[in-house]
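Report on the structure given below.
The values are calculated or read from the model by the stated rules, or taken from the named source; none is laboratory data. Note that the coordinates shown come from a computational prediction; the quantities given were computed from them, not determined experimentally. Cβ coordinates were reconstructed from backbone atoms using ideal geometry, including for glycine residues, and neighbour counts include every protein chain displayed. With ligands, DNA and RNA removed, areas are computed over all heavy atoms of the protein, side chains included. Shrake-Rupley method; radii C 1.70, N 1.55, O 1.52, S 1.80 Å.
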Amino acid sequence: MDEDENTFPMDIIADLAARPWKFRPEGYLVVILADTEEGQRAESALVEGGFASRDVKLYTGKQILENYEVYEERRTVAGKMAGSVVDDQEGRDLYLAYAGEDRCALWLRLPDEADVPKALRLLADYDYLHTRYYGSERQTDFRIS
């Protein structure tokens with residue numbers, strides 16, 4: 001498997017122009033969990049439940065903030081202008097706010113929206129605060145009260 005095959009939208013790679021920190025991902029379920037320990041447990045549950053380990057990636061709050069800092073330093077003026085039009089600004093702000101509270105984010109590559117219920121069932125017993133599915137035509141939020 002090459003690096004690009006297992007690169008997630010929030011990853012920082014050597015060639016930023018080839019794959020920017022993307023705030024309009026498609027085919028991903030993003031789960032915000034209370035802490036890293038809970039995130040690791042949830043990650044294991046998804047893999048044990050049949051999702052491929054290469055399709056699951058966990059980011060700590062610290063990693064999210066560090067990646068974003070690098071991303072912002074590398075962005076060009078043109079990239080910022082384009083981002084203001086196409087990025088999911090509300091999603092980015094929410095994601096960074098959770099990271100600032102030291103929450104972690106679990107990303108699940110899930111191109112088929114029909115698999116979302118299975119993933120949510122596997123995560124039902126874990127302490128997650130918010131989940132968003134980025135589909136091809138829309139995004140759907142799942143909040144826990």
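Checking the condition at pLDDT 95 or above, out of contact with any helix residue (DSSP H, G or I) (no Cβ under 9 Å at 6 or more places or on another chain) and among the charged types (D, E, K, R), which residue from Asp115, Asp55, Asp87, Asp93 passes?
Details: Asp55 fails: out of contact with any helix residue (DSSP H, G or I) (no Cβ under 9 Å at 6 or more places or on another chain); Asp87 fails: at pLDDT 95 or above; Asp93 fails: at pLDDT 95 or above.
Asp115 is the lone residue from the list that is at pLDDT 95 or above, out of contact with any helix residue (DSSP H, G or I) (no Cβ under 9 Å at 6 or more places or on another chain) and among the charged types (D, E, K, R).
Can you find a residue that is closer than 22 Å to Leu65 by Cα and open to solvent by 50 Å² or more (accessible area, probe 1.4 Å) anywhere in region 104-124? Show your work before the answer.
Step one: filter region 104-124 for residues closer than 22 Å to Leu65 by Cα, giving 104-109.
Going one step further and asking which of them are open to solvent by 50 Å² or more (accessible area, probe 1.4 Å), we end up with none.
Within region 104-124 (the criterion being closer than 22 Å to Leu65 by Cα and open to solvent by 50 Å² or more (accessible area, probe 1.4 Å)), the answer is no, since none of the residues qualifies.
Scanning region 40-62 for residues that are surrounded by fewer than 14 Cβ atoms within 10 Å (Cβ to Cβ), of a type outside the set (A, V, I, L, M) and not in a helix (DSSP H, G or I) yields Gly49, Gly50.
Among the residues of region 124-134, those identified as modelled with pLDDT of 90 or more and either more than 20 Å from Ala99 (Cα to Cα) or of a type in the set (D, E, K, R) (or both) are Ala124, Asp125, Arg132.
Determine, yes or no, whether Arg121 is over 15 Å from Pro9 (Cα atoms), out of contact with any Cys (no Cβ under 9 Å at 6 or more places or on another chain) and at pLDDT 90 or above.
Answer is yes for this residue.
Would you mention how many residues in region 116-145 are assigned to a helix (DSSP H, G or I) and of a type outside the set (A, V, I, L, M)? The qualifying residues number 3. Taken over region 35-51, the criterion of being free of Cβ contacts under 8 Å to residues at least 12 places away in the same chain and of a type in the set (A, V, I, L, M) is satisfied by Val47 alone.
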